[in-house]
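Single-structure report; data block below.
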Amino acid sequence: MRILHTSDWHLGRSFHRVSMLDAQRRFIDHLVETVRERHVDAVLVAGDVYDRAVPPLAAVELYDEALHRLAGLGVPTVMISGNHDSARRLGVGAGLIERAGIHLRTDPAGCADPVVLTDEHGDIACYGLPYLEPALVRDALAAPKANHTAVLGAAMDQVRADLAARPPGTRSIVLAHAFVTGGTASDSERDITVGGVAAVPAETFAGIDYVALGHLHGCQRITERVRYSGSPLAYSFSETDHRKST
């Protein structure tokens, strides 16, 4: 299966008071064309779709256009909320939108409820873990502590339990929005430090075939199976030398 992994669109962002919406619109054009030309089987969007919880109307319209165009290609899209997004707002209408092949995962309660994709080799269980704010989700996930490692670990325990109950040979993908140890940050990312520790170890995602990460804006490989796509555009001068990719 050919997967396109992207994240951190930050629709509605400005750079030194200059709107980046036109550049973001060109990115959406490029994304849709790449999906079409490369015969992509599924699109993964690992959070921070918007730049802030209440985005400007023009950003919402561009998001709506992107969803319509991706749905029009008949290619499944799995999307999670990031720390810049309002999970509740982004998730409005998720059940209805899912009928068009756009799968929004914004509720921590759904971490172990995968989108099941299928190709000639069998099933792929695709789990969407939205950004997990430790203090808000600790109790819901029965995490031992209110920090990033604990809540992500608890979510991944649920994921592995669901995966273990599926037919042997089922492949797995996890989307997550987090700062994973070994990643390199830039100036344009919002700090998610809780209790002095923001990073979680890559071992948190053990047992998963591919982990599609969002949050850090540089395209980078943590391990062979744990990767950041990075943001599609540079959002700070610290990203001057970044290779933007998907």
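A few points about this structure:
- Amide H partners (placed H, <5 Å) of His103, local residues excluded: Thr77, Val78, Met79
- For Ile124, net neighbour charge (Lys/Arg +1, Asp/Glu -1) across residues whose Cβ lies under 13 Å away: -2
- The chain, relative contact order [Cα under 8 Å, separation at least 6], %: 19
- When the stretch 1-57 is reduced to its Cα atoms, the Kirkwood hydrodynamic radius in Å: 12.4
- Computed over the stretch 55-118, relative contact order equals 31 percent, with contacts defined as Cα pairs under 8 Å that lie 6+ residues apart.
- Phe179 long-range amide H proximity, modeled H, under 5 Å: Val200
- Remark: relative contact order (the stretch 88-226) = 21 percent; criterion is Cα-Cα distance under 8 angstrom and separation of 6 or more residues.
- Projected label distance in nm at Asp29 and Arg89, using a 7 Å step from Cα toward the beta-carbon: 2.7
- Accessible area of the stretch 103-170 belonging to carbon and sulfur atoms, whole % at 1.4 Å probe: 53
- Per-residue 3J(HN,Hα) values for the stretch 200-216, derived from phi via the Karplus relation 6.51 cos²θ - 1.76 cosθ + 1.60 with θ = phi - 60°, read 10, x, 4, 5, 4, 9, 4, x, 9, 6, 8, 10, 9, 9, x, 2, 7 Hz in sequence order (x marks Gly and Pro).
- Amide proton proximity set for His5, modelled H, under 5 Å, gap of 5+: Leu44
- Over the stretch 80-167: Rg over Rh, Cα atoms, Kirkwood Rh: 1.00
- Each 10 Å bin from 0 upward holds the following percent of the Cα-Cα pairs of the chain: 7, 34, 39, 18, 2, 0.
- Charge tally in the Cβ shell below 13 Å around Val137, where Lys, Arg are +1 and Asp, Glu are -1, Val137 excluded: -1
- The C-alpha atoms of the stretch 1-142 occupy a region whose extents along the principal axes are 47, 44, 23 Å, arranged from largest to smallest.
The values are calculated or read from the model by the stated rules, or taken from the named source; none is laboratory data. In this text, all values refer to a predicted model and were calculated from it rather than measured experimentally. Reconstructed Cβ throughout: ideal geometry from the backbone, glycine too, with neighbour counts over all protein chains shown. Please note that ligands, DNA and RNA were not included when accessible areas were found on the heavy atoms of the full protein model with its side chains. Shrake-Rupley method; radii C 1.70, N 1.55, O 1.52, S 1.80 Å.
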